[in-house]
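J.: To start, I am sharing the structure in question, which I have written as structure tokens.
No lab work stands behind these numbers, since they all come straight from the coordinates. Since the structure is predicted, the reported quantities are computational estimates derived from the model, not experimental observations. Virtual Cβ from ideal backbone geometry, glycine too; neighbours counted across all protein chains shown.
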Amino acid sequence: MYNPKSMKAEEFISHHEVLETLSYAEANKHNTVLIDSILEKARLRKGLTHREAAVLLDCDLEEKNQEIYTLARQIKQDYYGNRIVMFAPLYLSNYCVNGCVYCPYHLKNKHIARKKLTQEEVAREVTALQDMGHKRLAIEAGEDPVNNPIEYILDCIRTIYSVKHKNGAIRRVNVNIAATTVENYRELKEAEIGTYILFQETYHKESYQTLHPTGPKHDYAYHTEAMDRAMEGGIDDVGLGVLFGLELYRYEFAALLMHAEHLEAVRGVGPHTISVPRIRSADDIDPSVFDNGINDDTFAKIVACIRIAVPYTGMIVSTRESQACREKVLHLGVSQISGGSRTSVGGYWEEEPEEEKSEQFDVSDRRTLDEVVRWLMDMGYIPSFCTACYREGRTGDRFMSLCKSGQLQNCCHPNALMTLEEYLMDYASPGTQAVGQSMIRQELPNIPNETVRSLVRQNLENIRLGQRDFRL
Ligand code: SF4
Ligand code: SF4
């Protein structure tokens, strides 16, 4: 029944195969000979199968776990260096016809304020986001064919790209909307989106159906096969994710990797990103009623094992997580984080009044973008506002082959320095600016190629003189 090349959800995420994987992992979690051979394979930086990765996830031998963490850190360093890409979510509308029991936007919630941004409001939000320094957004909207049809989403994308406030610009719009048709995905592609992101929530079909009792999202197969339709519609870069806490994390982990293997098998390119959200409290939602919550240590182990299993896939953690937790997982494999986020519809331009709250979930990390940028640099990370790949046509398999060969580093590092310089010149507080300039001075000699180094030095000078948007 299990077939990674099948186009049917229940065959590429075979329940039976997941259960077999979990038994295999349980049986081998102390098998040091096998664990050593898996780690040996992982050191080749070519990734692991879902079965191999599941064994590492289950292993509770202290010494082996330390090896797993060390390897995750090394792989992170090899592929992503000390750069962290920054983004912000932008909620367009919380009208939704679905009944997801873990989300306050579910149809039956009558006491949350329902909002949908007009194009003027989108422009205002984008102006505020640009004034913070953001260049990359992930837009979010509930599923509602009347209030949020695809035309509305496309209008919003056009508005976002059109706003140019002072030196600001949103250069990449990633899209997180409900599973849709090939035709709609084609239109999103034509609107020049970056990554299409869709969280699976849970891969466990029975739980999925219980957690999504009503609305179009109830259809497990339609939802799970969405990435195939997106790719058929021409979208090269897709982002996977599960909502940890809904089902047993071991199940989700194995199935998530099977989904990545499926995309690799049928499209020749795995997911561009994997997100690792955990369930949070929100209006009408108490996370303690979901009894599969995971603690910070398990969360960190999941991040490390994903890093090892799919080294070339970016990993995203949002402001759902606290500063302390984000700090821990940054070292282990996360490559992209949000900063200064609002999870309400509107809220960047002006704070929502208490009686009109529309947040999707409580934000744990409430610091400003400037504070997050400064914090990253204090830990030795370069905050990057780079959006170059999509704009240079480096997407899909082209992106992956550059990434797998390690060549992408030659673009990422210089681009991180140049976009950080833009941020420092236009948006940073004096303290952040001083730390950033010193970081750029220190990092510049680390560009190995002399020609690239002098080009970047020249571009940094040009940015200080007022020019913008240099990229490799
Ligand atoms: S998770 Fe998405 S689809 Fe489900 S209720 Fe919330 S906004 Fe709607
Ligand atoms: S060069 Fe490409 S992969 Fe590297 S940070 Fe920029 S957009 Fe991302």
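J.: For the stretch 180-314, what's the relative contact order in percent, using C-alpha pairs closer than 8 Å and at least 6 residues apart?
T.: The normalised contact order for the stretch 180-314 reaches 26 percent.
J.: Grab the alpha carbons of the stretch 73-112, take their convex hull, and tell me the volume per residue in Å³. The partial results should precede the final answer.
T.: Working: hull volume 5.6 nm³, N = 40.
Per-residue hull volume (Cα only) is 140 Å³.
J.: Given R₀ = 25 Å, FRET efficiency for Arg158-Gln467 by Cβ-Cβ distance, to 0.05?
T.: Details: r = 26 Å, r/R0 = 1.04.
Calculated transfer efficiency: 0.45.
J.: Among Met1, Asn94, Leu444, flag the residue with its Cα farthest along the positive direction of the charge dipole of the chain, charges on Cβ as +1 for Lys/Arg and -1 for Asp/Glu.
T.: Farthest along the dipole direction, towards plus: Leu444.
J.: So, in Å, what gap is there between the alpha-carbon centers of the stretch 228-271 and the stretch 143-203?
T.: Their Cα centres are 19 Å away from one another.
J.: Positive end of the charge dipole of the chain (Lys, Arg +1 and Asp, Glu -1 on Cβ, about the Cα centre): tell me which of Val55, His413, His218 has its Cα farthest that way.
T.: His413
J.: By how many nm would the segment from Thr70 to Lys166 grow when fully extended, if each residue of separation counts as 0.36 nm and the alpha-carbon distance is taken off?
T.: Numbers: separation 96, 0.36 × 96 = 34.56 nm, distance 4.37 nm.
Length gained, Thr70 through Lys166: 30.2 nm.
J.: Could I ask something else about it? What spacing in nm lies between the two simple spin-label points modelled at Asn147 and Asn446, each 7 Å away from Cα in the Cβ direction?
T.: So the label points at Asn147 and Asn446 sit 4.6 nm apart.
J.: Another one. Where nothing but the Cβ of Lys and Arg (+1) and of Asp and Glu (-1) is charged, how large is the charge dipole of the stretch 94-172 around its Cα centre, in debye to the nearest 20? Kindly include the intermediate steps, with their values, before the conclusion.
T.: Values: 13 positive and 9 negative charges, 54 e Å.
It comes to approximately 260 debye.
J.: Relative contact order for the chain: what percent, with Cα pairs under 8 Å and sequence separation of 6 or more? Don't skip to the end; give the middle numbers.
T.: Working: 855 pairs, mean separation 92.3, N = 472.
Relative contact order here is 20 percent.
J.: Please name which of His204, Val363, Val289 has its Cα lying farthest along the dipole of the stretch 77-366 towards the positive end, using unit charges on Cβ (Lys, Arg +1; Asp, Glu -1) and the Cα centre as origin.
T.: Working it through, the farthest residue towards the positive pole turns out to be Val363.
J.: Calculate the spin-label point distance for Glu20 paired with Glu355, positioning each point 7 Å from the Cα along the beta-carbon direction, and give it in nanometres.
T.: With each label placed 7 Å out from Cα toward Cβ, I get 6.0 nm.
J.: Which residues in the stretch 1-29 place their backbone N less than 15 Å from a point set 7 Å from the Cα of Glu232 along the Cα-to-Cβ direction?
T.: Under 15 Å, as judged by backbone N against the label point of Glu232, lie 6-10 of the stretch 1-29.
J.: Within 10 Å of each candidate Cβ there may be at most 12 other Cβ atoms; applying that plus a DSSP loop requirement, which GluC sites (Glu not before Pro) in the stretch 325-429 survive? Please list the in-between numbers first.
T.: On the way: sites: Glu327, Glu350, Glu351, Glu354, Glu355, Glu356, Glu359, Glu371, Glu392, Glu421, Glu422; in loops: Glu350, Glu351, Glu359, Glu392.
Qualifying residues, ordered by number: Glu350, Glu351.
J.: In addition: Report the antiparallel proportion of the DSSP beta bridges in the chain as a percent, rounded to a multiple of 5. Please list the in-between numbers first.
T.: Details: 2 of 32 bridges.
If we restrict to bridges inside the chain, about 5 percent are antiparallel.
J.: Gln77 versus Thr368, label points 7 Å from Cα toward the beta carbon: distance in nm?
T.: Going by the 7 Å Cα→Cβ label model, 3.4 nm.
J.: Please compute, for the alpha-carbon atoms of the chain, the extent along each of the three principal axes and give them in descending order in Å.
T.: Here the Cα extents, ordered largest to smallest, are 61, 54, 38 Å.
J.: Treating only the Cα positions of the stretch 349-442 as identical point scatterers, give the base-10 log of I(q)/I(0) from the Debye formula at each q in 0.12, 0.21, 0.23 Å⁻¹.
T.: -0.56, -1.00, -1.07
J.: Take the alpha carbon atoms of the stretch 375-449, find their center, do the same for the stretch 2-75, and report the distance between the two centers in whole angstrom.
T.: The stretch 375-449 and the stretch 2-75 have Cα centres spaced 32 Å from each other.
J.: Next question. Can you compute the charge dipole magnitude of the chain about its Cα centre, using +1 on each Lys and Arg Cβ and -1 on each Asp and Glu Cβ, nothing else charged? Give it in debye, rounded to the nearest 20.
T.: Values: 54 positive and 68 negative charges, 307 e Å.
It works out to roughly 1480 debye.
J.: Here's another thing I want to ask about it. Quick check for me: using +1 on Lys/Arg Cβ and -1 on Asp/Glu Cβ, what's the dipole size of the stretch 337-394 about its Cα centre, in debye to the nearest 20?
T.: On the way: 7 positive and 13 negative charges, 113 e Å.
The calculation lands at about 540 debye.
J.: Okay, moving on. Could you list log10 I(q)/I(0) for the stretch 428-472 at q = 0.31, 0.33 Å⁻¹, which the Debye formula gives when each Cα is one point scatterer?
T.: Taking Cα atoms of the stretch 428-472 as identical point scatterers yields -1.14, -1.15.
J.: A further question follows. If you keep only loop residues by DSSP, which trypsin sites (Lys or Arg not before Pro) in the stretch 355-462 have at most 10 other Cβ atoms within 10 Å of their Cβ?
T.: Values: sites: Lys357, Arg366, Arg367, Arg374, Arg391, Arg394, Arg398, Lys404, Arg441, Arg453, Arg457; in loops: Lys357, Arg366, Arg367, Arg394.
Passing both the DSSP loop test and the Cβ count: no residue.
J.: A further question on this structure: Rounded to two decimal places and with Rh computed the Kirkwood way over Cα pairs, what is Rg over Rh for the stretch 1-67? Please report the intermediate quantities before stating the final value.
T.: On the way: Rg = 13.3 Å, Rh = 12.8 Å.
For the stretch 1-67, the value is 1.04.
J.: Another question, then. Lone cysteines in the chain, going by a 4.7 Å Cβ-Cβ cut-off?
T.: Unpaired cysteines in the chain: Cys59, Cys96, Cys156, Cys305, Cys325, Cys386, Cys389, Cys403, Cys411, Cys412.
J.: Another one. Regarding the stretch 73-220, what's the average projected area of the Cα-atom convex hull, expressed in nm²? Could the numbers behind the result be given before it?
T.: Working: hull surface 44.3 nm².
Approximately 11.1 nm², given one-decimal rounding.
J.: Which value results for Rg/Rh of the stretch 238-375 when Rg is the Cα radius of gyration and Rh the Kirkwood radius based on the inverse mean 1/r? Numbers along the way, then the final one.
T.: Numbers: Rg = 16.0 Å, Rh = 16.2 Å.
Using Cα coordinates only, the ratio equals 0.99.
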